[in-house]
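The values are calculated or read from the model by the stated rules, or taken from the named source; none is laboratory data. Since we're looking at a predicted model, the values are computed, not measured. Here Cβ is always computed from backbone atoms with ideal geometry, including for glycine, and neighbour counts include all displayed protein chains. To get the accessible areas, we keep the full protein, side chains included, count just its heavy atoms, and leave off ligands, DNA and RNA. Shrake-Rupley method; radii C 1.70, N 1.55, O 1.52, S 1.80 Å.
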Amino acid sequence: METRDLSDHRPYSAGRGIEEVARELGLDPDDLVKLSSNENPHGPSPRAVDAIEAAADTVHTYPKAAHADLTAALADRWNLRNDQVWLGAGGDGVLDYLGRTFLDPGDRVLVPDPGFAYYPMSARYHNGEVDRYHLDKANGFTQTADRVLDAFDGHRIVYVTTPHNPSGSEMPLDEIATFARRTPEETLVVVDEAYGEFTTGASARELLDERDDVAVVRTFSKAYGLAGLRLGYGLVPTDWASAYERVNTPFGVNLLACHAGLAALDDEAHVERTVKTVRWAREYMRTNLDVVTWESGGNFVLAEVGDAEAVAGATQQEGVIVRDCSSFGLPGCIRVSCGTREATRRAVDVVNEVVGA
Ligand SMILES: *Cc1c(COP(=O)(O)O)cnc(C)c1O
């Protein structure tokens, strides 16, 4: 028996985990600092942890009410109708739902290069074809409507990441609006705001009141510290909001995730503390790393180090795991997530030492 043709598909290459690296190097996991996956350095919201514990003995039930409650809380927060909030298993799950909703076999999508690997993966799962628009390193990875329009050729879905992973660059809301206006009605602009909490830039949520060809993706994985639960959501226009019922995986968001998400939403202090640490760490890295870095709106900084694979390998030997950006199409760059003050200082010292050696 043979699978369908998967030759265009690429396995996702994730940031390396602490356990995995510790085992390989024979080190104590407690001596390692993991700054390779843009996770929350302060962990999950304590209220979310309490909510998970409290809900633990109800996991024999399907998460119907909890799903509805979280959807309503998010709709309230974003001032949208309940059906305009699409919960998914991470932002990635939401990307899949949008692919299911819009892609017919052979439809073309346009993704950023460098960019987040799951856009092309998800599009291919849904039998879409992938083209790329280039963000220019020499030009600070600047994101403008013109830059994306240069590569645009009637694509069904165009993915925009702001703040962008891995560069940290942002696409201002007026550029996104211009782009959406200048593309046909049948082109969906997916604005991925996975790092939206870390920027002061306006959310593309604003566009949903006037346009029906924009969707926003957000996640609990980064600022809320719930990456392990797999919880994200889409914000969509009213016109096709009801499609969710036809494309979603039944109970695709688990019960503990729904309860934790609700509690985390209420824990503004935890998000504020996280954002404050991230702002400090971004600034610290940009000031103190002895290599070229780029301004970042996310919870990470991209740094040009020459041979990223070698540098990431060497910092790892010193107990600091960073992300080699070769798989993003940037073999000369590493991405360092914002850690606690202690971890960030250590990462900067180690990277400088390795690069200077
Ligand atoms: C982390 C991330 C996501 C979402 O990740 P989930 O854990 O699936 O929510 C989406 N887009 C980008 C660019 C990301 O970096």
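Towards the positive end of the charge dipole of region 46-265, with charges on Cβ (+1 Lys, Arg; -1 Asp, Glu), say which of Leu207, Tyr62, Ala72 has the farthest Cα. Comparing the listed Cα positions along the dipole, Tyr62 ranks first. Rounded if a/c is under 1.5, else prolate if a/b beats b/c, else oblate: with a ≥ b ≥ c from the C-alpha gyration tensor eigenvalues square-rooted, which is region 266-335? Judged from the Cα gyration tensor, region 266-335 comes out prolate (a/c at least 1.5, a/b above b/c).
Per-peptide packing, taken as the mean over residues of other Cβ atoms within 10 Å, places 137-146, 58-67 in the sequence 137-146, 58-67 from highest down. Helical content alone sets the calculated 222 nm signal of the chain at -11500 deg cm²/dmol, taking -39,500 (n - 2.57) per DSSP H segment of four or more residues and averaging over every residue. How much FRET efficiency would the formula 1/(1 + (r/R0)^6) give for Thr61 and Asp290, where r is the Cβ-Cβ distance and R0 is 51 Å, rounded to 0.05? Using R0 = 51 Å, I get an efficiency of 0.40. Across the chain, Cα pairs under 8 Å and at least six residues apart give a relative contact order of 23 percent.
Looking only at the chain, where both bridge partners belong to it, what percent of the DSSP beta bridges are antiparallel (to the nearest 5)? If we restrict to bridges inside the chain, about 45 percent are antiparallel. Residue separation of Glu309 and Ser326 scaled by 0.36 nm, minus their Cα-Cα distance, works out to 5.4 nm of gained length.
Farthest toward the positive end of the dipole of region 1-59, out of Leu35, Gly17, Leu6, is the Cα of Leu6, where the dipole comes from beta carbon charges about the Cα centre.
The Cys residues in the chain with no partner Cys Cβ within less than 4.7 Å of their Cβ are Cys258, Cys338. Classified by the C-alpha gyration tensor, region 185-272 has an oblate form. Its axis ratio a/c, with a ≥ b ≥ c, is 1.5 or above, and a/b does not exceed b/c. In a DSSP loop and with at most 16 other Cβ atoms within 10 Å, the trypsin sites (Lys or Arg not before Pro) in region 1-46 are Arg4.
As a fraction of the 1.4 Å probe accessible area of the chain, surface on carbon and sulfur atoms comes out at 46 percent.
When peptides 326-335, 248-257 are ranked by their average number of other Cβ atoms within 10 Å per residue, the highest-first order is 326-335, 248-257.
Charged side chains reduced to their Cβ positions (Lys and Arg at +1, Asp and Glu at -1) give the chain a dipole of some 260 debye around its Cα centre. Please find the FRET efficiency linking Arg341 to Phe251, where r is the Cβ-Cβ separation and R0 is fixed at 45 Å, and quote it to the nearest 0.05. With a Förster radius of 45 Å, E is 0.65.
In this label model, Ala138 and Asp30 are separated by 5.1 nm, measuring between points 7 Å along each Cα→Cβ vector. Look at the Cα gyration tensor of the chain: its axes a ≥ b ≥ c give a/c of at least 1.5 with a/b at or below b/c, and that counts as oblate. Only one residue of Gly90, Thr287, Ser45 has its Cα farthest out toward the positive end of the dipole of the chain, where Lys and Arg carry +1 and Asp and Glu -1 on Cβ, and that residue is Ser45. In this structure His134 has an accessible area near 100 Å², from a 1.4 Å probe over the protein heavy atoms.
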